[in-house]
Amino acid sequence: MGVCGGIAAYKAAELVRVLRKQDHEVRVVMTAAARQFVAPLTFQALSGHAVHGDLLDVEQEQAMSHIHLARWADLLLIAPATADMLAKIAHGLADDLLSTLYLAAECPVFVAPAMNQAMWGKVVTQENIARLQSHGVHCIGPAAGEQACGEQGLGRMVEPAEICRQVLKYEQPSLLAGVNIVISAGPTREPLDPVRYITNRSSGKMGYALAAEAVSAGANVTLVSGPVNLLAPAGAKLIPVETALQMYDAVIMHSRSADIYIGAAAVADYRPQTLAESKIKKDGETGSIVLTKNPDIIAAVARLQPKPLVVGFAAETDDLENYAKHKLQSKNLDLIAANWVGQAEGGFDSDRNALQVFWPGGQQILAMTDKRTLAVQLLNLITEKWHEKNPVKNS
Ligand code: C5P
């Protein structure tokens, strides 16, 4: 494990602990800057091995040379990975032990970036990440949220337990290898005039988390997404749309060759009947908008022949079970994941959620947790259903 100099370095100590707890042997390389944040002794105590730091340290090189260290590792994880380290390794620079180790490594490499949101958003950082990914490096995160500098946005290191899960999953078989999955996510925008639209509070987090998990499970993922503030998971094909009608066209086109369709989008049920060509003026004390019904996208996918496995969502404020079961049947779905909205925790906009999943003849509760973990659990259920329906294709 490589640790770079950033405030998230203290979380890397927890990451070593979690990896050790899962019976993995960890050797730590710290950059000079990392040693300013956390003392090497912390990592030595947690990993049970002396920490490597200096490329030109004769004693360390005698104990285990950097080439030997690169051969010893089954996997190299750089967490936190700073913008500087990403830039270095993206361009083959090797002026310290960690960047040299990267260059010498033949094993799979994971990076968990952590930096200020503007640094992450900088074109050059994005180019470096894209370059590393094209070199086969796996990128975990970063996550969004409040930053140590007080700013908000993408750039936080993903939590240690989640990094551990993603890294260890790498060794697991790809349960959805070659399976074509279309996922719709986010809200739709229904324009009233050139400046106004009707929308809803969907953040797209659930759909994007499902897309990321499906990519990790080996699926070919097409993500049809309404406007959201999220980065598309690497490896998924993103089709950005705005209106329900655009989403309908994109979803139907891609679902004709899909094995699984997951309708996680919050599609507007209605759109304004007319679209004003110029901005509507505020004449009069009251105004009215005539709405017309949007097509039900998921029901249309369930009518396709051949029909993919169709998974829907139901966000309910009351009588969740009855509404969910009714939708399962009336829309001819194979699975429906229902959740409460308008409660203290979970639902739209939240990072956490709980689901009650129904299928013909069965149900399962997935307890309140973060949307990423929930996505894994739901995808496991979907994978199970898909394998039940396609025993031959999978044998
Ligand atoms: O009927 P309701 O909107 O509650 O159903 C929710 C499910 O139906 C979700 O999976 C959603 O993506 C899908 N849906 C759709 N097209 C619509 C409305 C909902 O695909 N016009």
**OP:** Would you work out if the range 178-270 is rounded, prolate or oblate? Take a ≥ b ≥ c from the square roots of the eigenvalues of the alpha-carbon gyration tensor; rounded if a/c is under 1.5, else prolate when a/b is larger than b/c, oblate otherwise.
**Re:** prolate
Original post:
Which aspartates and glutamates, on any chain, are close to residue 281 with Cα under 12 Å apart, when same-chain ones fewer than 8 places away are left out?
Top reply: 193
Original post:
Given 10 Å bins starting at zero, what is the percent of C-alpha pairs of the range 268-395 in each, up to the one with the largest pair distance?
Top reply: 11, 32, 29, 17, 9, 2, 0
Original post:
Counting only Cα, what are the radius of gyration and maximum Cα-Cα distance Dmax of the range 180-389, in Å?
Top reply: 17.3, 60
**OP:** Could you pull out the trypsin sites (Lys or Arg not before Pro) across the range 143-197 that fall in loop regions by DSSP (anything but H, G, I, E, B) with no more than 15 other Cβ atoms inside 10 Å?
**Re:** 196
Original post:
Pairs 169/331; 237/279; 279/327; 205/331; 237/307: which are spaced more than 27 Å apart, C-alpha to C-alpha?
Top reply: 169/331; 237/279; 279/327
**OP:** Excluding residues on the same chain fewer than 8 positions from residue 11, give the aspartates and glutamates whose Cα lies under 13 Å from its Cα.
**Re:** 159, 162
**OP:** Rank-order 271-277, 337-343 by packing density, defined as the average count of other C-beta atoms within 10 Å over each peptide's residues, highest first.
**Re:** 337-343, 271-277
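If you rank 289, 239 by how much accessible surface each has, with a 1.4 Å probe, what is the order from largest down? Walk me through the numbers on the way to the answer.
Numbers: 289 90, 239 35 Å².
So, going from the largest accessible area down, we get 289, 239.
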Subject >> Anchor residue 325: lysines whose Cα lies under 18 Å away (excluding residues fewer than 8 positions away in-chain) >> reply: 385
Original post:
Points 7 angstrom from Cα along the Cβ direction at residue 49 and residue 201: gap in nanometres?
Top reply: 4.9
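Relative to the compact globular guide of 2.2 N^0.38 Å, what is the alpha carbon radius of gyration of the range 16-86, as a ratio?
Working: Rg = 12.2 Å, N = 71, 2.2 N^0.38 = 11.1 Å.
Scaled against compact globular proteins, the figure is 1.10.
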**OP:** Compute log10 of I(q)/I(0) for the range 2-171 with the Debye formula, placing one identical point scatterer on every Cα and leaving out solvent, at q = 0.18 Å⁻¹, to two decimals.
**Re:** -1.17
Subject >> Paramagnetic label zone (point 7 Å from Cα along Cα-to-C-beta, residue 161; backbone N under 16 Å) in the range 320-347 >> reply: none
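Evaluated at 25 °C with a viscosity of 0.890 mPa s, what Stokes-Einstein diffusion coefficient in µm²/s does the chain have when Rh comes from the Kirkwood expression over alpha-carbon pairs? Write out the running numbers ahead of the final one.
Numbers: Rh = 23.1 Å.
Stokes-Einstein gives a translational diffusion coefficient of 106 µm²/s.
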Original post:
Per residue, what accessible area does the range 2-171 have, given a 1.4 Å probe and all protein chains present, in Å²?
Top reply: 48
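The values are calculated or read from the model by the stated rules, or taken from the named source; none is laboratory data. Every value quoted in this text rests on a predicted model; they were computed, and no experiment measured them. Quick reminder, even Gly has a Cβ in these numbers, built from the backbone with ideal geometry, and neighbours come from all protein chains shown. Side chains included, ligands, DNA and RNA excluded: accessible areas come from the protein's heavy atoms. Shrake-Rupley method; radii C 1.70, N 1.55, O 1.52, S 1.80 Å.
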